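Single-structure report; data block below.
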Amino acid sequence: MQRIGLALLVCVAVSLLAFTLLNASGDVAIAVAGEEATAAQIEAIREDLGLNRPLAVRYGEWLANAVQGDFGNSLFFRQPVAELIAYRLPNTMTLAVMALGVMLALSVPLGVAAALRPNSIIDRAAMLIAVLGQAMPNFWFALILIVVFSLTLGIAPPSGSATLGHFVLPAIALGYYSTPPMMRLIRQGMIEALSSDYIRTARAKGISGWKVVFKHALRNAVIPVVSLTAVQFGNMLGGSVVIETVFGIQGLGFLAWESISRMDLPVVQAVLLIVAVFYVVMVLLADFINAWLDPRIRTQ
Amino acid sequence: MTQPVLSVRGLTVDLPKNGDRPHAVSGISFDIHPNEIVCVVGESGSGKSVTAFTAMGLLPKALKPSGGQMLFEGQDLLKMSRREHTRLRGKRMAMVFQEPMTALNPCFTVGDQIEEIFKAHTRLARSERKARTMALLEEVRLPDPPRVYSSFPHQLSGGQRQRIVIAIALAMDPTLLIADEPTTALDVTTQAQILSMFKTLKSSHSAGILFVTHDFDVVAEIADRVVVMQKGLVVEQGTADEVLNDPQHPYTRQLIAAVPRKREDAPEPLSDEVALRVQGLKKTYHVAGTLTRKARTVHALHPTDFTVRKGETLGIVGESGSGKTTLVRCLIRLLDPDDGAIWIGSRNFAQGSRASLRAARKDIQIVFQDPYGSLNPRRSIGEQLIGAPMNFGVSRSVAWGRAKRLMKIVRLEEEALYRYPSQFSGGQRQRICIARALMVEPKILIADEAVSALDVSVQKEVLLLLADIKRNMGLTILFITHDLRVAAQICDNLIVMSKGRIVERGTVAEVFGNPQQPYTRQLLSAMPGRKWEAPDVA
């Protein structure tokens, strides 16, 4: 219960911060009016948008509406922000979920294999893959994927978001980028778990090798992984701007990026708030999963 | 004579290259018969655990058996494939470990972890597995088996967890049971219960038991035969009576001579000057409630009074949870007591802010239990020693001179000051810790389980050193321990604590000879090896 309250508080704090900082970053009226507008026109726009009222009043009004799903109208598209987001969000979600799948599919086996034989060739190879993933800018990796799989081999569409197939390459690019820290965490957790006393007890019971690794060790090693997964998922939602741009996916990150350059404040605020809420919900969810996995947390 | 369960013939296990010796154990031989407890005794590094792990096939990868045989029911364990060995483990041979707190998987219930062994080795139906598990929990005398069955390890005490590990070991009725220091981490009353359980098991399961220990009193309590190991060699073996009462090898004699015993010499008369007066010292902890649990108040220390006279060694004895650690922490103000006074001279150490206590801290110093964790590995011994006096305004050269003198007193060489902690053994480190505590010339030294982590022969050296220093420097010592035997050896007076209260106090002779309280009597009767009078072999 305490956790949930705290999570709500974080959401409110984020919204407040987002609102005030964005409003402090420039004069929206000037941006909307364009470069050739007269002072009177700007003033009129300001009046029209209600920008001349105190910040606190505007924040309260905005938050009250936002809670009901009304984020106001986009200054650029002249249509409700909620509609814009409802159209873009599924794309970003699809991308993030698939990328998460790619990340776990890569990092869990690699991490476990590396931990079973530390400093072996497998371990080194896994480390190499990890280092590459971290060193390579993900837009560049994305471009390589397009060149190889779309242009040369022709087995995947290069851009767009029409079918699930369109998401395969972006998901690989985004997922691979998040793999290294995850793999390291699993490797380290497994090495620690495998050298622990309870693994020795399990072996002494005559449990077979694989069962010891996957039942007894992985269950313990996976506990910190859950928290990192939640954070990574949040990053994928908010940080997919580059990948969405490269692959031309009409997603949330792409929308945010465009709106920032257009000073389309209502959209930026809404995206920020939604991503933040997702983030908080994911972390909360991770806490619950961890409590379920680890009985020691449960009783605290 | 029956066929031995395990017959070790010339076993050699190699250590990794560049070690301090080529073999962990080298050419050792001994037998274990059914219905027999064989104790393998030795200090750390003797190879006793390596022997136990080789039999179980659980050696770390770096260690490789390179010679000899280990015949188990006629088969050589060293020639067996990994898969064959896995099949024997848990079924025909089982093991109980030293550390019950970490031996069980924190993520699974006790029931799951016991039933797993039936899943691995039998085709029992689910209900039968559960019934067998319940029967095992009954057999190891755990209270309320249904509750324990669905508990997680962290909800149980160390003694209870060790019973579960024993239950797992007994599940398949193995012919060989290996126990590696199974009671070392337990309180003395729990130890007594576990030891008596092993004695019962020997007859009820007719297993051969290999019992690894460093403690001769435990040997005296349960062993039928004894194997003494030193640096990877068996130096002596025989029946318990032979080895304990008529030891032949000098090393065995040395070990037996180091067994802590009550002092025979009359205590020196104490001065009337009071060094430390504790009045009504009290500490409670408040545990915040949650949705499902009410908030609790834990009385870690009920109002406590005692005085320590100048030059006295006062032993504070108690089991885990007795409040002795809380008492120590309050005494040096690592914890703030709720109430009460700690008089050192004319100063009340229980009052005043932590900052204002700084100057007074040099009067009361402490040596902790773990000699490995209490020295900074990245700074030289000398730097660590002179830090404290320099904090109190002593010049570097004076501090350095004092450090050199103290090295001599704790019987280390001056060069030790230029070296780093990793270059010393546990016993040497503990002597360095004592030197560190003495650097600020305290009036009172607290030794908090200061010898508990040390081998017996090292333990004896450190105890003698403490007694010497006390006599020569006029120090007052508070000696905190769970081990009555050690307390009896070094202390003038004893305080016995239980559940946050002092339950008994008196001279060593009074407490041992004529205990007044049932708790003290219970503690004394739980001491292992009471029927054995160590022969005078020194």
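The values are calculated or read from the model by the stated rules, or taken from the named source; none is laboratory data. Remember, it's a predicted structure, so these values are computed and weren't measured experimentally. Reconstructed Cβ throughout: ideal geometry from the backbone, glycine too, with neighbour counts over all protein chains shown. Just the protein is used for accessible areas: all its heavy atoms, side chains included, with ligands, DNA and RNA removed. Shrake-Rupley method; radii C 1.70, N 1.55, O 1.52, S 1.80 Å.
Quick notes
- Checking every residue in segment A:98-116 against the condition of being touching a Phe, Trp or Tyr at 6+ places or on another chain (Cβ under 8 Å) and either open to solvent by 70 Å² or more (accessible area, probe 1.4 Å) or farther than 30 Å from A:SER195 by Cα (or both) gives at least one match.
- Complete set of residues in segment B:17-55 that are open to solvent by 50 Å² or more (accessible area, probe 1.4 Å) and hydroxyl-bearing (Ser, Thr, Tyr): B:SER44
Results for (1) surrounded by 23 or more Cβ atoms within 10 Å (Cβ to Cβ); (2) on the phi > 0 side of the Ramachandran plot, shown as yes or no for each residue.
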residue	(1), (2)
A:VAL241	no, no
A:GLY248	no, yes
A:LEU252	yes, no
A:LEU255	yes, no
A:SER261	no, no
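- Answer residue from segment B:450-467, given it is not in a helix (DSSP H, G or I) and not polar (S, T, N, Q) and is most open to solvent (accessible area, probe 1.4 Å) among those: B:ALA453
- Any hit, segment B:124-132, residues being within 29 Å of the chain's Cα centre (by Cα) and either closer than 30 Å to A:PRO224 by Cβ or away from chain A (no Cβ under 13 Å) (or both): no
- Every residue from segment B:105-130 that is open to solvent by 10 Å² or more (accessible area, probe 1.4 Å) and aliphatic (A, V, I, L, M): B:ALA120, B:LEU124, B:ALA125
- Near pairs, Cβ below 9 angstrom, 6+ apart or cross-chain, from segment B:356-369 (assigned to a loop (DSSP other than H, G, I, E, B)) to any residue that is surrounded by 16 or more Cβ atoms within 10 Å (Cβ to Cβ) and acidic (Asp, Glu): B:PHE368/B:ASP448; B:PHE368/B:GLU449; B:GLN369/B:ASP448; B:GLN369/B:GLU449
- B:GLN75 being in contact with a helix residue (DSSP H, G or I) (Cβ under 9 Å, 6 or more places away or on another chain), open to solvent by 50 Å² or more (accessible area, probe 1.4 Å) and either touching a residue at least 40 places away in the same chain (Cβ under 8 Å) or within 14 Å of chain A (Cβ to nearest Cβ) (or both): no
- Residues that are touching a residue at least 12 places away in the same chain (Cβ under 8 Å) and either surrounded by fewer than 18 Cβ atoms within 10 Å (Cβ to Cβ) or within 13 Å of chain A (Cβ to nearest Cβ) (or both), drawn from segment B:137-156: B:ARG141, B:PRO146, B:SER150, B:SER151, B:PHE152, B:PRO153, B:HIS154, B:LEU156
- Selection of strands (runs of 3 or more DSSP E) fully inside segment B:468-538 by the criterion of at least 3 residues being of a type outside the set (Lys, Arg), in the same structural domain as B:GLU312 (by TED's automatic domain parsing) and without any contact (Cβ under 8 Å) to a residue 40 or more places away in the chain returns B:501-507.
- Candidates in segment B:297-348 are the residues that are hydroxyl-bearing (Ser, Thr, Tyr) and in contact (Cβ under 8 Å) with a residue 60 or more places away in the chain; of these, the one that is most open to solvent (accessible area, probe 1.4 Å) is B:SER320.
- For segment B:185-211, the tally of residues that are open to solvent by 20 Å² or more (accessible area, probe 1.4 Å), of a type in the set (A, V, I, L, M) and assigned to a loop (DSSP other than H, G, I, E, B) stands at 1.
- Some residue of segment B:81-102 being open to solvent by less than 60 Å² (accessible area, probe 1.4 Å), more than 11 Å from every other protein chain (Cβ to nearest Cβ) and under 20 Å from B:VAL227 (Cβ atoms): no
- Among (1) within 14 Å of another protein chain (Cβ to nearest Cβ); (2) of a type outside the set (Phe, Trp, Tyr); (3) open to solvent by less than 20 Å² (accessible area, probe 1.4 Å), the one test that A:VAL222 misses: (3)
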